[in-house]
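Report on one structure; see the data block that follows.
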Amino acid sequence: MGELVNEGVLLGMGNPLLDISATVKPEMLAKYDLKANDAILTEDEAIFKEMLNDYQVEYIAGGATQNSIRVAQWIIGKPKASSYFGCVGNDDTMKKLVEKAEEAGVNVKYQISAEHPTGRCAVLITGHDRSLVTKLDAANHFTVSHLDDSANWKLVEAAQVVYSAGFFLTVSVDSMLKVAKNCAVNNRTYCMNLSAPFLCQFFKDQMKSVLPFTDIVFGNESEAAAYAETQ
């Protein structure tokens with residue numbers, strides 16, 4: 001399949017996170033008042049320190065959009081068939097994130113924040129369940145100025161398909177609109193995932209601004225119902 005596609009055919013824009021994954025004792029969930037199969041945001045560093053100190057961890061280039069891009073890259077098989085934008089810090093976590101993304105064959109062109117550390121997601125596995133604890137940090141600070149760089153905009157122009165999870169609506173809807181409109185003008189495919197019911201409810205204006213330029217919308221039943229209820 002890889003020989004049939006060009007480099008940069010797929011572009012993702014989203015919230016990059018370094019996933020720090022480990023199989024943990026149930027007592028750790030209880031300690032931090034976590035559910036076995038849940039996803040929350042945090043500003044607390046303690047859970048990350050405990051995982052690194054007490055468990056053997058695996059590092060993965062994560063975040064909803066980057067995960068999708070990484071899997072698509074694996075399916076295509078050609079190195080750098082996919083590119084990815086998102087904001088990270090200038091730190092060791094960023095270096096590990098770049099390493100893991102490039103290992104997967106993704107051409108990452110992160111925006112570097114001097115003010116915020118790279119986002120992380122603690123993935124606490126117990127049995128068949130996983131509890132996700134996310135500290136967004138720099139991922140929450142992507143700006144449209146990253147697209148003004150000519151090298152980055154060339155990746156936008158090269159992409160035949162662009163994808164963002166709906167979570168990016170909370171960060172830089174201006175970036176989504178700029179790229180989506182470019183796709184509309186140049187007959188490229190723009191895709192967005194509804195991602196979560198709360199986005200349909202509380203970020204409906206941002207979502208509504210991007211949808212007219214969106215070719216493919218992904219979502220599950222609860223997300224579609226939440227969107228319908230807001231109309």
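The values are calculated or read from the model by the stated rules, or taken from the named source; none is laboratory data. Everything numeric in this text was worked out from a predicted model, so none of it was measured. All Cβ positions, glycine included, derive from the backbone under ideal geometry; neighbour counts span all protein chains shown. These area figures cover heavy atoms from the full protein model, side chains too; ligands, DNA and RNA do not enter into them. Shrake-Rupley method; radii C 1.70, N 1.55, O 1.52, S 1.80 Å.
Report yes if some residue within the stretch 135-143 is assigned to a strand (DSSP E or B) and among the hydroxyl-bearing types (Ser, Thr, Tyr); otherwise report no. Spell out the reasoning first.
Keep residues of the stretch 135-143 that are assigned to a strand (DSSP E or B), which gives 135.
Now restrict to residues that are among the hydroxyl-bearing types (Ser, Thr, Tyr): none.
Checked the stretch 135-143: no residue is assigned to a strand (DSSP E or B) and among the hydroxyl-bearing types (Ser, Thr, Tyr).
Just give me the residues in the stretch 194-223 being open to solvent by 80 Å² or more (accessible area, probe 1.4 Å), not charged (D, E, K, R) and not in a helix (DSSP H, G or I), in sequence order.
Passing the criteria: only Phe218.
Mind checking which residues of the stretch 181-190 are buried (at least 17 other Cβ atoms within 10 Å of the Cβ) and among the charged types (D, E, K, R)?
Result: Arg188, single match.
Each row is one residue, and each column tells you yes or no for (1) open to solvent by 20 Å² or more (accessible area, probe 1.4 Å); (2) over 14 Å from Phe85 (Cα atoms).
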| residue | (1), (2) |
| --- | --- |
| Asp137 | yes, yes |
| Asp148 | yes, no |
| Leu155 | yes, no |
| Met192 | no, yes |
| Ala225 | yes, yes |
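Out of curiosity, is Val156 closer than 11 Å to Met13 by Cβ and in contact with a strand residue (DSSP E or B) (Cβ under 7 Å, 6 or more places away or on another chain)?
On the way: closer than 11 Å to Met13 by Cβ: yes; in contact with a strand residue (DSSP E or B) (Cβ under 7 Å, 6 or more places away or on another chain): yes.
Answer is yes for this residue.
Just to be sure, is Val171 open to solvent by less than 10 Å² (accessible area, probe 1.4 Å) and either modelled with pLDDT of 95 or more or under 15 Å from Thr65 (Cα atoms) (or both)?
Values: open to solvent by less than 10 Å² (accessible area, probe 1.4 Å): no; either modelled with pLDDT of 95 or more or under 15 Å from Thr65 (Cα atoms) (or both): yes.
For Val171, the condition - open to solvent by less than 10 Å² (accessible area, probe 1.4 Å) and either modelled with pLDDT of 95 or more or under 15 Å from Thr65 (Cα atoms) (or both) - is not met.
Out of all the residues in the stretch 213-224, is one or more touching a residue at least 12 places away in the same chain (Cβ under 8 Å), over 19 Å from Thr170 (Cα atoms), β-branched (Val, Ile, Thr) and in contact with a helix residue (DSSP H, G or I) (Cβ under 7 Å, 6 or more places away or on another chain)?
No; the residues of the stretch 213-224 include none that is touching a residue at least 12 places away in the same chain (Cβ under 8 Å), over 19 Å from Thr170 (Cα atoms), β-branched (Val, Ile, Thr) and in contact with a helix residue (DSSP H, G or I) (Cβ under 7 Å, 6 or more places away or on another chain).
For the stretch 67-116, please list each of the strands (runs of 3 or more DSSP E) lying entirely inside it that holds at least 2 residues being among the hydroxyl-bearing types (Ser, Thr, Tyr).
Working: elements: 82-85, 87-89, 111-113.
It comes to 82-85.
Return a yes/no flag: does the stretch 164-176 have any residue that is more than 17 Å from Gly14 (Cβ to Cβ) and not in a loop (DSSP other than H, G, I, E, B). Show your work before the answer.
Kept after step one, since they are more than 17 Å from Gly14 (Cβ to Cβ), are these residues of the stretch 164-176: none.
No, the stretch 164-176 contains no residue that is more than 17 Å from Gly14 (Cβ to Cβ) and not in a loop (DSSP other than H, G, I, E, B).
Residues are listed down the side, and each one gets a yes or a no for (1) within 18 Å of the chain's Cα centre (by Cα); (2) acidic (Asp, Glu); (3) at negative phi:
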residue: Asp33; (1), (2), (3): no, yes, no
residue: Ala39; (1), (2), (3): yes, no, yes
residue: Asp54; (1), (2), (3): no, yes, yes
residue: Val71; (1), (2), (3): yes, no, yes
residue: Gly89; (1), (2), (3): yes, no, yes
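Out of everything in the stretch 130-167 that is of a type in the set (Asp, Glu) and free of Cβ contacts under 8 Å to residues at least 24 places away in the same chain, what residue ends up being farthest from Asn107 (Cα to Cα)?
Applying the first criterion (of a type in the set (Asp, Glu)) to the stretch 130-167 yields 137, 148-149, 157.
Now narrow it down to the ones that are free of Cβ contacts under 8 Å to residues at least 24 places away in the same chain: 148-149.
Numbers: Asp148: 18, Asp149: 16 Å.
Result: Asp148.
Within the stretch 25-62, can you find the residues that are of a type in the set (A, V, I, L, M), open to solvent by 10 Å² or more (accessible area, probe 1.4 Å) and not in a helix (DSSP H, G or I)?
Result: Leu34, Ala36, Ala39, Ile40, Leu41, Val57, Ile60.
Name the single residue, out of those in the stretch 7-24 being polar (S, T, N, Q) and more than 27 Å from Ala158 (Cβ to Cβ), that is surrounded by the fewest Cβ atoms within 10 Å (Cβ to Cβ). Please lay out each step first, then the result.
Filtering the stretch 7-24 down to residues polar (S, T, N, Q) leaves 15, 21, 23.
Still in the running and more than 27 Å from Ala158 (Cβ to Cβ): 21, 23.
Numbers: Ser21: 19, Thr23: 14.
Top of the filtered list is Thr23.
Restricting to the stretch 65-98, what's the tally of residues that are open to solvent by 60 Å² or more (accessible area, probe 1.4 Å) and free of Cβ contacts under 8 Å to residues at least 24 places away in the same chain?
Number satisfying all stated conditions: 3.
One line per residue, one yes/no per condition, for (1) out of contact with any Gly (no Cβ under 8 Å at 6 or more places or on another chain); (2) within 18 Å of Gly63 (Cα to Cα):
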residue	(1), (2)
Lys109	yes, yes
Ile112	no, yes
His116	no, yes
Ala122	yes, yes
Thr143	yes, yes
His146	yes, no
Asp174	yes, no
Val179	yes, no
Leu194	no, yes
